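Worksheet: the structure to be examined is printed underneath.
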Amino acid sequence: MPLDARAARELWERHSPDLIAIIIAATAVPLVLGWVPPNRWYGFRTPLSLASPEAWYVANEVLGLYMVGSQVFAVLAKRRVVACVNRRWPCDYTVCAVLWVCAAALIGIAASVAHVYARL
């Protein structure tokens, strides 16, 4: 039984924040597992991390762990955060939830940068 346009839109609006979080976390898994060799396109790319292969793998493992953790946290806290934001600034649930997932990813990136620069 095919979905009509309204049902498909409702399904997308309900699950798009979770799908975005899964995609972000899934792109971090190869970094955690050390599958990504030093390169200039994918991973934690700074002069410090590109200085040596050892620094590359340490920095990318830390980045991957923070990204997976931030997205797990984002999904688990999504309803509470959106409810709190909606009390102050009413907004569409999907838009607010997607913004929260993206903000959690940025927090994960910032935390990983701080962690790596303190560690290396």
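Quick note: the coordinates plus some simple rules give every number you see, no bench work behind them. On a predicted model such as this, the values are computed, not experimentally measured, just so you know. When we count neighbours, we look across all protein chains shown, and the Cβ atoms used for this are built from the backbone with ideal geometry, even at glycine.
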**Prompt:** Restricting attention to the range 61-92, which residues are buried (at least 17 other Cβ atoms within 10 Å of the Cβ) and either touching a Ser or Thr at 6+ places or on another chain (Cβ under 7 Å) or not in a helix (DSSP H, G or I) (or both)?
**Reply:** Val62, Leu63, Tyr66
**Asked** Considering Glu54, Glu61, which residue is farther than 17 Å from Arg14 by Cα, among the charged types (D, E, K, R) and in contact (Cβ under 8 Å) with a residue 12 or more places away in the chain?
**Response** Glu61
**Asked** Is there a residue in the range 26-49 that is under 11 Å from the mean Cα position of the chain (by Cα), small (Gly, Ala, Ser) and loosely packed, with under 13 Cβ neighbours inside 10 Å?
**Response** yes
**Asked** Can Val101 be described as surrounded by 15 or more Cβ atoms within 10 Å (Cβ to Cβ), aliphatic (A, V, I, L, M) and not in a helix (DSSP H, G or I)?
**Response** no
**Prompt:** In this structure, does Ala114 turn out to be over 27 Å from His15 (Cβ atoms) and small (Gly, Ala, Ser)?
**Reply:** yes
